[in-house]
Structures are given as structure tokens and as C-alpha cells.
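Read through the structure below, which is laid out as C-alpha cells, and then see the notes.
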Amino acid sequence: MTALLMALPGAEQFAGHLRGRLGCEAGALLVHQFPDGETCPQLTPAVADRDVILVAALNQPDHKIMALYLCACVARELGARSVGLVAPYLPYMRQDASFAPGQGVTARHVARLLSGCFDWLVTVDPHLHRFHAMSELYPIATEVVPAAPKIAGWIAAYVERPVLVGPDEESEQWVGQVAAAVGCPYTVLRKVRSGDREVSVSLPPATVLAGCTPVLVDDIISTARTMIAATQQLKAAGGAAPVCIGVHALFADTAYADLKAAGAGRIVSCDTVPHVSNEIGMSAPIAAAVARMLAAAA
Ligand code: R5P
């Protein structure tokens, strides 16, 4: 029997793309909320002995994670053969250290929660910085789908004479891969973050921008302060308005408008988080990864 694929609220569109590519059955997930705020998931059709795939858009994650956890637990309780998670954006990965006395490594705690209720996880470019592999956090089977090939394809199709710019050292892993695939130069800025919304960046002295289109590439755009600071520096150095590409378009509060107002050129993201900037589709490589997970679970 084919797998049953169900979307958590907010992930319906992406789940539809995946279903089309995988050719599996659509299940219905009713996430009822009682007046007191508690959640009661209801899964149809019957999941007994079926492989269940839950698809979740985990931006603004805190209120979604409890529903996700309960859906997975209920699928197990009702006898699902396996329960997998497609989370194109995986939250909490930036909390990979204790940054101040009294804090903890919350990335570990979220990983423990999800690993306790899912058999496998597929995601796109999780923020692996102080942890270098998903297996350091997640004991379940995981597959990381890289966005670099798709981003490179988009740049090659739409940007003339690109020079790629990573806004900080952490971004070099993505920017280097994308630049290699496009066959264009890249540079990486130095970033200092002194608060949630306080960011400064500096350009390496020999950065050449004349005659090129700067393309900023980062994994996450949250407050957009990183992209804004980089945009300002590039323009101050005589560069054209940069194309800003983020894998995961979190865009907290007014971040999208703020980035536009700061003078960014085109703002583009992958469709791992539903957002008006989504132009780079990730459903094809994610579907391929899910098919591998299902084959391994069979
Ligand atoms: C940092 O570690 C990440 O790679 C991004 O640069 C960061 O999350 C962007 O955050 P914001 O948009 O809030 O500056």
C-alpha cells in the first residue's frame, strides 16, 4: 500500500507538490483546538500498518511543535508502520550553544523531542554550525537536502555577471557550493552580532564589485538585519543593489519591508517556508529524499 501523506496547518501547498511527485495517498489531518487551547489531532483514513509522512512548515515553531508531536504520537498509537517528518525548515538549529550563563543548548532538546516520535526526518540545509552533522543531534535516520544546486540554477537563469557574497563566515559553506556550481567568484563578509537586531558587517578590502551584480546568499533570513547590513556595505562600496537570496524565509515582523527599504534588489527564497519571496522550488529533491527514506523503511 502507498504511503499516506498529511500536511500540518500551513504546509498544505508544499505537501500538495510532494504528493504529486511521490504519487502517494493524501491523508487528512484535523488539528482541533479546544476552547482552552489544547490540541486534539484526528487522522483519516486509518493509519494502521501504513507509512505516514507528516509535512510541517516550522517557522514560528513553538505553537506548531506541540501539534506536530501529538500528530506523530497519535499516528503511532493508531498503529502506523512508520512515521516520517518532512520539515523543509528545521527550527532551533541556531541554538547550538549556551550563549549566556543559565542558557542551554535547546537544539538538543528539540532534537530529542522529534527523535522520540518520528522514525526519520528530511530537511533542507539545517543550520549546522557548531554541530557538523545531523547525527550529532538526531539519533533517527535523517537526510539533508542541499539547496545549493537549485539556488545555482536560479542565479544562472536570472542574474547577469553575478558575484556571490556570503554575509558571514558561517555562510561560506552555502556560498562556496553555489559559486562553484554557477562558476562565478565569491567573497565572504565579516559579521559581528551584538543582539537580536544589532548586526554589523565589513567587506574584505579587495572586494571587486564593478560591472557585477552582487548576490547575497544566506541560509536564514529572520530579522533581515544581516542582509540589511550587508546590503548597506555593498552599496557604500559602490556596488549595485544586491539580489538577496535566503534558503529559509522566516522574515520576522517587518523584516521583508525593512530589507526592501534598505535598498535590496530582488529578494528571493526557497519554498521551505511559505512566503511571497518563494521562487526556488525544493519539492523535487525533497520528494527524492522521501522516496529513499520510504524504501529504507520497507
Ligand atoms: C546566522 O547564523 C545565520 O546564518 C543567519 O545569518 C542569521 O540567522 C540571519 O538572521 P537575521 O536575519 O536575524 O540577521
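The values are calculated or read from the model by the stated rules, or taken from the named source; none is laboratory data. Treat the numbers as computed from the prediction; the structure is a model and nothing was measured. Cβ: placed from backbone, ideal geometry, glycine included. Neighbour counts: every protein chain shown. Just the protein is used for accessible areas: all its heavy atoms, side chains included, with ligands, DNA and RNA removed. Shrake-Rupley method; radii C 1.70, N 1.55, O 1.52, S 1.80 Å.
Some values worked out for this structure:
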item	result
Search result, residues across region 218-250 that are assigned to a helix (DSSP H, G or I), open to solvent by 20 Å² or more (accessible area, probe 1.4 Å) and either away from the ligand (no atom under 12 Å from the Cβ) or in contact with a Phe, Trp or Tyr (Cβ under 7 Å, 6 or more places away or on another chain) (or both)	Q232, Q233, K235, A236
Selection from region 256-283 of residues that are open to solvent by 20 Å² or more (accessible area, probe 1.4 Å), within 15 Å of V55 (Cβ to Cβ) and of a type in the set (G, A, S)	G281
Test result for Y158, open to solvent by 30 Å² or more (accessible area, probe 1.4 Å), aromatic (F, W, Y) and more than 16 Å from the ligand (Cβ to nearest atom)	yes
Condition met for A97 (among the hydrophobic types (A, V, I, L, M, F, W, C), open to solvent by 10 Å² or more (accessible area, probe 1.4 Å), over 29 Å from V247 (Cβ atoms) and without any contact (Cβ under 8 Å) to a residue 40 or more places away in the chain)	no
Test result for D253, open to solvent by 10 Å² or more (accessible area, probe 1.4 Å), at pLDDT 95 or above and among the acidic types (D, E)	yes
Residues satisfying the stated conditions in region 169-211, i.e. open to solvent by less than 60 Å² (accessible area, probe 1.4 Å), in a helix (DSSP H, G or I) and more than 16 Å from the ligand (Cβ to nearest atom)	A179, V182
Condition met for L164 (assigned to a strand (DSSP E or B) and not hydroxyl-bearing (S, T, Y))	yes
Residue satisfying all of: in region 9-66; acidic (D, E) and in a strand (DSSP E or B); least open to solvent (accessible area, probe 1.4 Å) among these	D51
Residue pairs meeting the criteria (Cβ under 7 Å; at least 6 apart or on separate chains; first closer than 23 Å to I155 by Cα, in region 245-269; second among the acidic types (D, E) and within 12 Å of the ligand (Cβ to nearest atom))	G246/D218; V247/D125; V247/D219; H248/D219
